[in-house]
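Before any comments, here is the structure.
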Amino acid sequence: MNKSDAAGAGPYAEDLGVGWMLQVQAGQIQAFVALVDHYQLAACSMLRRLLGRHGPWEDLAQEAFLRVWRSRENYRPQGKFTTYLYRICYHLALNQLRGNKRKPLCSLPKDAEGCELEVEAKVDANPSTLPAELKEWGDLIQAALAKLPQNQRAAVVFQHYDGLELQEIAEILSISPQAAKSLVHRARENLRILLSPFREAEND
């Protein structure tokens, strides 16, 4: 990040994503390529946990980055880039879970030769490479997550899997930090109840 970029980033000058976004605003397409490459795994993994293994998380991850590109001129650093990206991903997932029709994707930026840049979806793990017992338990957790209310599911995914602080979760969900703390607590309690029969079966 150059000096002018750092000045525009304010207190978030050390955040990689913020720096890249400011470079994107300045017309540097390669900064958008770097941003997608760095954050696409996190976006895909989060959406996969919110929507389930068979949900359209790959399409929504691509759409999230397309919205980042489309809104680049209005972007203002008001937090970490992950908070900004996850807020977009969360609302896309929420619309999907509510059964809303998604708007058509906007066009991807083009490189110097006029070819559209590609956003390749990635996941954090290949289930076929996991031990059978871990794969089975992972499926049970995913099934239990799917039974939680949408906001509880998002809150516990953001904290447990993505390692976000309560303040960041609150910003993404547009609630207070106290409400985010309450959501996480209720989600954990509900998951404990949903998974307790399987834990008891393991101990028999």
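Taken together, the values in this text are just the output of simple stated rules run on the coordinates, not laboratory data. Please read these numbers as outputs of a predicted model, since none were measured by experiment. Positions of Cβ are backbone-derived with ideal geometry, glycine not excepted, and every protein chain shown enters the neighbour counts.
Across region 87-95, rounded Karplus estimates of 3J(HN,Hα) from the backbone phi angles (6.51 cos²θ - 1.76 cosθ + 1.60, θ = phi - 60°) give 5, 5, 4, 4, 5, 5, 5, 4, 4 Hz, Gly and Pro being marked x. Here's how it looks for Leu164: its modeled amide H is under 5 Å from those of Gln159, which are all 5 or more places away or on a different chain.
Would you kindly state how much longer the chain becomes between Ile29 and His160 on full extension, computed as 0.36 nm times their sequence separation minus their alpha carbon distance, in nm to one decimal? Write out the running numbers ahead of the final one.
Values: separation 131, 0.36 × 131 = 47.16 nm, distance 3.32 nm.
Gain on extension, Ile29 to His160, equals 43.8 nm.
Annotation: peptides 41-52, 22-33, 145-156, ranked by per-residue average of other Cβ atoms within 10 Å with the highest first, follow the order 41-52, 145-156, 22-33. Couplings 3J(HN,Hα) of region 174-186, computed from phi: 6, 9, 7, x, 5, 5, 5, 4, 5, 4, 4, 4, 5 Hz, in residue order, whole Hz [Karplus 6.51 cos²θ - 1.76 cosθ + 1.60, θ = phi - 60°; x for Gly and Pro]. Each of Ile172, Ile88 was scored by other Cβ atoms within 10 Å of its Cβ. Listed from fewest to most, they are Ile88, Ile172. Rounded to the nearest Hz, the phi-derived 3J(HN,Hα) couplings of region 66-78 under the Karplus curve 6.51 cos²θ - 1.76 cosθ + 1.60 (θ = phi - 60°) are 5, 5, 4, 5, 5, 9, 4, 5, 9, 5, 9, x, 10, where x marks glycine and proline.
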